[in-house]
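Please find one structure pasted underneath; my questions will follow.
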Amino acid sequence: MSTQPLPPRGPSDGDTLDYIAEQLETRGYAVIPAAVPPALVDRLFIELKQLDSAEFKPAGIGRQDDFQVNRFVRSDQICWLQGQSEGAGGFLDWMEQLRQGLNRRLFLGLFDYEAHFASYPPGAFYKKHLDAFKGQSNRVLSTVFYLNPQWQPSDGGELVIYAEDGESELECVRPEYGKLVIFLSEVFPHEVRPAQRERYSIAGWFRVNNSSALVPDPPR
Ligand code: OGA
Ligand code: MN
């Protein structure tokens, strides 16, 4: 029998925060099937569907001068969340509550949050990667939130989380509607397997502030 506590359902109440904090502390990642209020999930899904495909751009790897689109590594399309709409604003507010709650519980010093919608057309993937390299990034915690109604096991598109060695599989997560995954950005290599149908997620990162007068906090 597993001794893991059951993931709570419902909004960002104390229980959800406690659960996420406890999982991050003991395992370094958390999978929460329904953390975000259902009405907010629906709102986000509607907004996503209303986004013009022209607003999605091929995702790249690296930042600024390093930025490059490499279709052998990832083939998703992205659109950054701005927060002026009800759904995106609600999601960013929810993440702000989470940021404050996690800072209180784990003293992570999380400073801000950035997130984008991602659309993976059928067959698209994101090969095994780390979201942050030790000492080279201000991304501390990665979040992935899924917006795929009625996702079937045969649809594929799993997020596979590997142990730090990059070899053993820790978790194979189906990208189901309303599910949230959170993990330490520098620790867990992960990949997105190709899916049979269009696959939607919101990928985001809590960051610490590394800016100084000489080196501004790098923009995305
Ligand atoms: C990412 C990422 C995972 C997913 O965008 O960096 O790893 O399941 N996304 O969409
Ligand atoms: Mn990633």
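Would you be so kind as to identify which of LEU92, VAL31, ASN70 lies farthest towards the positive end of the dipole of segment 30-123, taking Lys and Arg as +1 and Asp and Glu as -1 on Cβ and the Cα centre as origin?
VAL31
Next question. Provide the per residue accessible area, probe 1.4 Å, for the chain, rounded to a whole number of square angstrom.
Values: 11070 Å² over 220 residues.
Ligands and nucleic acids excluded, the figure is 50 Å² per residue.
Which residues in segment 137-152 place their backbone N less than 20 Å from a point set 7 Å from the Cα of GLN196 along the Cα-to-Cβ direction?
Answer for segment 137-152: 147-152.
Could you state, as a whole-number percent, how many of the C-alpha pairs of the chain are farther apart than 26 Å? Working shown, then result.
Working: 7941 of 24090 pairs.
The proportion of pairs with Cα distances above 26 Å equals 33 percent.
Roughly to the nearest percent, how much of the accessible area of the chain is carbon and sulfur, given a 1.4 Å probe?
Details: 5850 of 11070 Å².
With neighbouring chains kept in place, the figure for the chain is 53 percent.
Which length gain, in nm to one decimal place, applies between PHE111 and GLN84 when the Cα-Cα distance is subtracted from 0.36 nm times their residue separation? Could the numbers behind the result be given before it?
On the way: separation 27, 0.36 × 27 = 9.72 nm, distance 2.04 nm.
Result: 7.7 nm gained on full extension.
If amide hydrogens are placed 1.01 Å from N in the peptide plane, which non-local residues have theirs closer than 5 Å to the one on PHE125?
Amide H neighbours of PHE125, under 5 Å, 5+ apart: SER75, ASP76.
Could you give each residue of segment 33-43 its phi-based ³J(HN,Hα) in whole Hz, using Karplus coefficients 6.51, -1.76, 1.60 with θ = phi - 60°, and x for Gly or Pro?
My calculation for segment 33-43 gives x, 8, 8, 8, x, x, 5, 6, 4, 4, 4 Hz in order.
Next question, about the same structure. Pop out the ³J(HN,Hα) list for segment 157-171 in order, Karplus 6.51 cos²θ - 1.76 cosθ + 1.60 with θ = phi - 60°, rounded to Hz; leave Gly and Pro as x.
x, 5, 8, 9, 9, 9, 5, 4, 6, x, 10, 7, 6, 8, 7
Work through the residues other than VAL160 whose Cβ is under 12 Å from its Cβ and net out their charges, Lys, Arg +1 and Asp, Glu -1.
Working: positive: LYS127, LYS128, ARG174, ARG193; negative: GLU158, GLU167, GLU169, GLU171, GLU191.
Charge balance in the 12 Å sphere: -1.
Could you give the length gained on full extension between GLU22 and VAL187, defined as 0.36 nm per residue of separation minus the Cα-Cα distance, in nm? Numbers along the way, then the final one.
Values: separation 165, 0.36 × 165 = 59.40 nm, distance 1.68 nm.
Once the chain is fully extended between GLU22 and VAL187, it gains 57.7 nm.
Straight-line reach only, C-alpha to C-alpha below 25 angstrom: list the lysines that LYS128 could link to, leaving out same-chain residues fewer than 8 apart.
The qualifying lysines are LYS57, LYS179.
Calculate for the chain the 222 nm mean residue ellipticity that helices alone would give, adding -39,500 (n - 2.57) per DSSP H run of length 4 or more and normalising by residue count, nearest 500 deg cm²/dmol. Don't skip to the end; give the middle numbers.
Working: 3 runs with 47 residues, N = 220.
It lands at -7000 deg cm²/dmol.
For GLU169, what accessible surface area do you get with a 1.4 Å probe? Give it in Å², rounded to 10.
Only protein atoms counted, so the area is about 100 Å².
In nm, what is the difference between 0.36 nm times the number of residues separating GLN152 and LYS134 and their Cα-Cα distance?
2.9 nm
If the reach is capped at under 20 angstrom between alpha carbons, list the aspartates and glutamates near LYS134, excluding any in the same chain fewer than eight residues apart.
Within reach: GLU25, ASP65, ASP66, ASP112, GLU114, GLU164, ASP165, GLU167, GLU186, GLU191, ASP217.
Here's something else I'd like to know. What is the magnitude of the charge dipole of the chain about its Cα centre, with +1 placed on the Cβ of each Lys and Arg, -1 on the Cβ of each Asp and Glu, and no other charges, expressed in debye to the nearest 20?
Values: 22 positive and 30 negative charges, 58 e Å.
Once rounded to the nearest 20, the dipole reads 280 debye.
The values are calculated or read from the model by the stated rules, or taken from the named source; none is laboratory data. In this text the structure is predicted, and so the values were computed from the model without any measurement. Cβ: placed from backbone, ideal geometry, glycine included. Neighbour counts: every protein chain shown. Protein only, heavy atoms only, side chains kept; ligands, DNA and RNA dropped before computing areas. Shrake-Rupley method; radii C 1.70, N 1.55, O 1.52, S 1.80 Å.
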